[in-house]
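Notes follow the structure.
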Amino acid sequence: MRNRCATIWFMTAVLIMAADQGFGVIDFKDGAAHDINYMIRLDDVRVDYQAPGKKTTVNMLAGGSIYFPMTTNGYNDGRLNIFAGARVFSLYTHDSFKVTMSGGEVPLVLDAYDSSQIIISGGTVSRLYARDSSKAIMSGGIIKTDMVLITNAELTLDGSNFAVDGNPVGFGEITSLLGGDYSNEPYRTLTGTLANGDILNSPFRIGDYASITLVPEPCTLLLLGLGAAIVSRRRR
């Protein structure tokens, strides 16, 4: 009981201190490239908010962190690059915003809206949401909890040995089971090996005409092409 009370008092003190200092917003929308290798604790971050055509770039480098409970939002034609050693606690993308993630961590959620693009080749994402015709491509990285795809979103997974609920599946498209809202869909589990060797083992749900497309990694494509060429020569 004492530990519980101490925890409550600690959280209350943290909230009071945060309220005293005040949460703010850092806007990057000048069309330049900005490197973040420091901690941002009490400000939300926005990239190209209400700044179409600027194409501002923010690079999250080792040591860079946008701390809980602050959020990061990307808009328009801006870009966010996340590298190893960086942390963006929660990330929301809008419009044609583009995220490239080769390392680092998104501990809460990566939520893609509109026609934004997400390219993940490494790092860790707790939850991946894609919606509103957004597109995501994964050739590496770890999904710690689940993946949800809705409203015409597309997720492409580059790898091999894919299976759904333990049943091997070929390359191609996975869609919803029931159609309609994703919340009516049962959770299924997708496993496999991504192109960089990372293991995929993630529950997922798909709704509203969204899809997951499984494609062979480059080596697999090469072997498939070689096999097709051999078969063609034998037939001749």
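Nothing in this text is a laboratory measurement; each read-out follows from the coordinates by a stated rule. Bear in mind that the values here come from a model prediction, so they are computed numbers and not experimental data. Glycine also receives a Cβ, built like all others from the backbone with ideal geometry; neighbour counts cover every protein chain displayed.
Numbers below:
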{"quantity": "Taking Val106, Val215, Val148 and counting other C-beta atoms within 10 Å, the order from fewest to most", "calculated": "Val215, Val148, Val106"}
{"quantity": "Cα gyration tensor shape of the stretch 25-235, rounded if a/c is under 1.5, else prolate or oblate by comparing a/b with b/c", "calculated": "prolate"}
{"quantity": "Full-extension gain in nm, Ala32 to Asn201, via 0.36 nm per residue minus C-alpha separation", "calculated": "57.1 nm"}
{"quantity": "FRET efficiency for Ser133 and Val25, using Cβ-Cβ distance with R0 set to 30 Å, rounded to 0.05", "calculated": "0.65"}
{"quantity": "Cross-link partners of Lys98 among lysines (Cα-Cα below 17 Å; sequence separation of 8 or more within a chain)", "calculated": "Lys29, Lys54, Lys55, Lys135"}
{"quantity": "Förster radius 25 Å - calculated FRET efficiency between Asp95 and Thr193, Cβ distance, rounded to 0.05", "calculated": "0.15"}
{"quantity": "Distant-in-sequence amide H partners of Ala33 (H built 1.01 Å from N, under 5 Å)", "calculated": "Thr57"}
{"quantity": "Ranking of Thr151, Thr72 by count of other Cβ atoms within 10 Å, fewest first", "calculated": "Thr151, Thr72"}
{"quantity": "Sequence of Arg46, Arg87 once ranked by neighbouring C-beta atoms within 10 Å, starting from the fewest", "calculated": "Arg87, Arg46"}
{"quantity": "Phi to ³J(HN,Hα) by Karplus 6.51 cos²θ - 1.76 cosθ + 1.60 over the stretch 141-154, Hz, x for Gly, Pro", "calculated": "x, 10, 9, 7, 10, 9, 10, 10, 10, 9, 6, 6, 6, 10"}
